[in-house]
1. Collect the residues in the stretch 65-96 that are assigned to a loop (DSSP other than H, G, I, E, B) and modelled with pLDDT of 95 or more, keeping them in residue-number order.
2. Those residues that are touching a residue at least 24 places away in the same chain (Cβ under 8 Å) and loosely packed, with under 10 Cβ neighbours inside 10 Å, I need them from the stretch 93-118; list them, please.
3. So Arg158 ticks every box in (1) under 11 Å from the mean Cα position of the chain (by Cα); (2) on the phi < 0 side of the Ramachandran plot but one. Which box is left unticked?
Amino acid sequence: MGSGAGIEEAVKLPKGENLNEWLAVHVVDFMNEVSLLYGVISEFDTADKFPVMSAGDFTYKWSDETTKGPVSVSAPQYVENLFNWIERQLSDEKIFPVDVDKPFPKDFHKRVKHIFSRLFRVYAHIYCSHMVHIEAQHAEKHVNSSLKHFVLFALEFRLLRTQELQPVRKILDKIVGHRIQEVERNESGGARREIRTQSTVDGNGESSKDEEEDKEMKERKRLASIPLPTTYECDNGGVAHQKKLRRHSSRNKGCCVLL
């Protein structure tokens, strides 16, 4: 993927591109990538050795439309459930419309965020439980590059909370630590702004609505002044190529997925 700065620019939304389309094609790209990486260690990831999906001290339960609530499953079962769950959504044109004229659902960003959260758990599981197998096949550079790309994209579009990165935070601090710190500062600043924009109390114990509204208006103007992300060119057909990949994968289950 090249240098860190190059990846940071590459993940940004290209000028004139639809945000939901950009997120959609990357759901397919990263699902394929995680599937490929997991395939490298899948023979070692057995239910006997990993009866619970975990990443270090963190454990993850599974839930979807077929379960009544979160259930504990083995690591390989969790990953299988995950890919099937993503494929069902990709195949649902109400969620991932194949026709570019069809609208995405209003909760699309929330759905993508959920997908990224679960895909990250596979990265975390690989790092915490199978790096010895990755290193044995001299694939650690590729895995590091893949994780770096994934996390930078997720942070760019707020698809992961920094708290979710804890299982592999030490590794991430080495490869994208500056970006994580930027996000954390923004999160902290947002919390402070929220406190400041709450109703102020005057000497008589009554809220000052004018001051509250004035601060809210200033914050809206500040957010509106933030420039749009820059663009970049893809050597392989750019956005149009990625759109075709998404439609192809959603129409033909498994054909673009490296299992």
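The values are calculated or read from the model by the stated rules, or taken from the named source; none is laboratory data. Nothing here was measured: the structure is a model prediction, and the numbers come from that model. Glycine gets a Cβ as well: all are built from the backbone with ideal geometry, and neighbour counts include every protein chain shown.
1. Of the stretch 65-96, the ones assigned to a loop (DSSP other than H, G, I, E, B) are 65-70, 72-74, 91-96.
Within the stretch 65-96, Pro70, Ser72, Val73, Ser74, Ser91, Asp92, Glu93, Lys94, Ile95, Phe96 meet the criteria.
2. So the first thing to find is which residues in the stretch 93-118 are touching a residue at least 24 places away in the same chain (Cβ under 8 Å), and the list is 93, 96, 98, 100, 104, 108-109, 112-113, 115-118.
Matches in the stretch 93-118: Val100 only.
3. Unmet condition: (2).
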